[in-house]
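Everything on this sheet refers to the single structure shown next.
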Amino acid sequence: MATAVGRIVVVGASLAGWRVAESVRRNGFAGELVLIGEEPYEPYDRPPLSKTVLSGWIGTDKLALPHTPGLDARWVLGVAATGVDRAAGTVHLADGRAIGYDRLVIATGARARPWPVAAEAALGGVHLLRGREDADRLRADLLAAPRRVLVIGGGFTGSEVASSCLDMGIPVTLVQRGPAPLSGALGTAVGAALGARQRAHGLDLRVGTTVQALAGEGRLTGALLSDGTPLDAEVAVVALGSVRNTEWLSGAGLSADSGGVDCDTACRAITLDGTPAEEVYVIGDAARWRHPPFDAPPAAFEHWGNAIEQADTAAHNLTHGGALCHTLGLPQFWSDQFGMNIKSVGLPHIADRVMLAQGSCRRGPFVVVYGRDGVTVGAAAVDSPRVLDGYAALVADSAPFPPLIAANDSPATPLILDSGATPQDLSLEGVR
Ligand SMILES: Cc1cc2nc3c(=O)[nH]c(=O)nc-3n(C[C@H](O)[C@H](O)[C@H](O)COP(=O)(O)OP(=O)(O)OC[C@H]3O[C@@H](n4cnc5c(N)ncnc54)[C@H](O)[C@@H]3O)c2cc1C
């Protein structure tokens with residue numbers, strides 16, 4: 001199955017595509033390497049788009065991922081792949097070309113979920129954020145000093161955008177359907193604690209609220225919220241999560257939908273009969289898979305580190321004979337917002353219980369550990385990224401929950417909450 005020669009075609013020339021190209025060459029692959037990318041740019045880093053790019057610290061032209069000098073690859077940029085003929089071993093492009101492959105790597109990632117009402121989405125001042133051009137357009141609107149920015153959605157991207165706008169001195173209202181920001185990833189209890197910190201930074205945070213309609217003629221002037229409140233805003237950022245770019249695989253005989261392309265831990269794409277395709281790999285945000293230590297449904301892990309690890313796994317399996325290598329590293333994610341660094345490991349979102357392990361949720365650094373059915377499944381650290389490695393070991397070992405933690409800033413009495421506790425249930429006073 002391994003291929004030392006022949007042609008590897010990578011579709012999607014961003015983080016995962018770049019990394020698999022670098023890795024197969026590092027592993028000694030001597031055949032032809034082709035990268036096909038819809039965007040006209042060489043691979044660049046997306047995390048700064050919602051952070052340092054918006055607040056003006058770095059331009060979008062400075063985000064290129066570092067190339068190995070002389071990486072021997074053919075770049076086909078600015079053109080989308082539109083289909084795959086697996087029987088013929090051919091990828092079809094939007095410009096009519098067809099490129100043959102011996103091995104195919106799918107790395108087409110995800111796009112931002114659009115605002116559902118097309119006429120409202122088309123208003124000037126209404127933005128999505130996924131790529132360089134989105135960030136440039138949004139930054140230009142922010143530089144025009146809008147009186148208020150509306151952020152729709154309180155996940156990581158929405159929260160980071162809100163934070164960047166506040167850094168620029170622009171008032172922000174963030175509307176979140178759920179009971180707390182970041183609750184989808186970190187649970188309601190921790191999300192509520194972080195929401196309190198967001199408010200302390202000046203965010204107008206409206207939880208349990210949705211946007212009913214965006215208003216304006218030509219340009220956005222405001223929005224109507226689900227509680228009946230009208231809101232004046234000249235810029236809106238729609239941060240409603242993402243949709244995996246898999247439509248181009250329709251008819252390819254792979255198990256794929258808007259949630260991702262199914263794959264195994266060796267990154268081999270799963271076919272419609274449930275078996276892995278030996279010649280097709282899928283990596284990064286587009287890949288949906290079941291992480292072995294967790295009893296959780298298959299998921300796409302839209303994290304920088306996952307794209308890197310899966311790319312290295314696929315590269316190994318593309319270039320080595322013998323035993324397959326598997327992606328076994330724990331999911332990890334970081335976010336910088338409201339002056340905080342948030343880092344998580346494992347799967348906090350599947351937890352039923354959360355324990356404050358170190359520090360205080362009210363101020364300063366803190367660490368929480370997540371458990372499900374008596375097993376430690378995740379941890380999150382605010383402003384203490386270095387201690388997370390120790391907690392990662394507990395998650396990797398499926399240690400019993402609650403674990404015994406005796407750091408010098410651990411609470412005297414363990415505070416354990418329902419991970420989905422509503423903000424009303426969560427007494428921040430109790431979280432010292
Ligand atoms: C604003 C923002 C902030 C983020 N911040 C963080 C963070 O703080 N921490 C973290 O861990 N992760 C963060 N992420 C997530 C991280 O950037 C992604 O996990 C990573 O980019 C995934 O890489 P990928 O190559 O799989 O997909 P993508 O980066 O989505 O790249 C996919 C590429 O494929 C191209 N493509 C799509 N369809 C086709 C087609 N049919 N033919 C050819 N090309 C196609 C796309 O145009 C794109 O260039 C952030 C993401 C965004 C958008």
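Please give the helix 156-167 orientation as an angle from the longest Cα principal axis of the chain, in degrees from 0 to 90, rounded to the nearest 10.
For helix 156-167, the angle is close to 60 degrees.
Identify the residues of region 320-335 with backbone N under 20 Å of a label point that sits 7 angstrom from the Cα of A407 along the Cα-to-Cβ direction, or state none.
Under 20 Å, as judged by backbone N against the label point of A407, lie 330-335 of region 320-335.
Could you order D262, D273, D418 so the one with the most accessible surface comes first? Probe is 1.4 Å. Working shown, then result.
Numbers: D262 30, D273 120, D418 80 Å².
Sorted descending by solvent-accessible area, the residues read D273, D418, D262.
What is the dipole size for region 250-305, taken about its Cα centre, with +1 at each Lys and Arg Cβ and -1 at each Asp and Glu Cβ, in debye to the nearest 20?
Details: 3 positive and 9 negative charges, 15 e Å.
So the dipole magnitude of region 250-305 works out to roughly 80 debye.
Between C325 and A296, take the C-beta separation as r, use R0 = 25 Å, and let me know the FRET efficiency to the nearest 0.05.
The pair C325/A296 has a calculated efficiency of 0.65.
Under the 0.36 nm per residue contour assumption, what length would be gained going from the current alpha-carbon distance of D61 and T265 to full extension?
On the way: separation 204, 0.36 × 204 = 73.44 nm, distance 3.46 nm.
Contour length minus Cα-Cα distance gives 70.0 nm.
Explain nothing, just the number: dipole magnitude of the chain about its Cα centre with +1 on each Lys and Arg Cβ and -1 on each Asp and Glu Cβ, in debye rounded to the nearest 20. Show your work: numbers first, answer last.
Working: 35 positive and 45 negative charges, 121 e Å.
The dipole of the chain has a size of about 580 debye.
Quick one: angle between helix 15-26 and the longest Cα principal axis of the chain, in degrees between 0 and 90, rounded to 10, please.
40 degrees
Could you grab the relative contact order for the chain? Cα pairs under 8 Å, six or more apart, rounded to a whole percent.
15 percent
Per residue, how much accessible area does region 201-272 show when a 1.4 Å probe rolls over the protein heavy atoms, in square angstrom?
On the way: 2910 Å² over 72 residues.
About 40 Å² of surface per residue is accessible.
Below 8 Å between Cα atoms, with a sequence gap of 6+, how large is the relative contact order for region 283-386 in percent?
Working: 178 pairs, mean separation 20.0, N = 104.
Relative contact order here is 19 percent.
If Lys and Arg each add +1 and Asp and Glu each add -1, what is the summed charge of the other residues whose beta carbon sits under 10 Å from the beta carbon of G208? Don't skip to the end; give the middle numbers.
Numbers: positive: R177, R206; negative: D227.
With Lys, Arg at +1 and Asp, Glu at -1, the net is +1.
Would you please give the FRET efficiency between D227 and D95, computed as 1/(1 + (r/R0)^6) with r the Cβ-Cβ distance and R0 = 45 Å, to the nearest 0.05?
Numbers: r = 49 Å, r/R0 = 1.09.
Taking R0 as 45 Å, the efficiency between D227 and D95 is 0.40.
On C-alpha positions alone, give me the angle between the axis of helix 132-143 and the longest principal axis of the chain, in degrees, nearest 10.
30 degrees
With a ≥ b ≥ c the root eigenvalues of the C-alpha gyration tensor of the chain, is it rounded (a/c under 1.5), prolate (a/b larger than b/c) or oblate?
Numbers: a/c = 2.01, a/b = 1.27, b/c = 1.58.
Oblate.
State the percentage of accessible surface on region 1-153 attributable to carbon and sulfur atoms; use a 1.4 Å probe and exclude ligands, DNA and RNA.
Numbers: 3460 of 6630 Å².
Result for region 1-153: 52 percent of the exposed heavy-atom area is carbon or sulfur.
What percent antiparallel are the DSSP beta bridges of the chain, to the nearest 5? Spell out each step's value before the answer.
Working: 57 of 90 bridges.
The answer is about 65 percent antiparallel.
Multiply the residue gap between T275 and Q212 by 0.36 nm, knock off their C-alpha separation, and tell me the result in nm, one decimal place.
On the way: separation 63, 0.36 × 63 = 22.68 nm, distance 4.37 nm.
That pair, T275 and Q212, stretches by 18.3 nm at full extension.
Given contacts defined as C-alpha pairs under 8 Å and at least six residues apart, what's the relative contact order of region 114-240, whole-number percent?
Relative contact order for region 114-240 comes out at 33 percent.
What ranking of R363, R7 comes out by heavy-atom accessible area, probe 1.4 Å, highest first?
Highest to lowest solvent-accessible surface, that is R363, R7.
The values are calculated or read from the model by the stated rules, or taken from the named source; none is laboratory data. Please read all numbers here as calculations on a predicted model, not as lab measurements. For neighbour counting, all protein chains shown are included, and Cβ atoms are generated from backbone atoms with ideal geometry for every residue, glycine included. When the accessible area is computed, the model is the full protein with side chains, heavy atoms only, and any ligands, DNA or RNA have been set aside. Shrake-Rupley method; radii C 1.70, N 1.55, O 1.52, S 1.80 Å.
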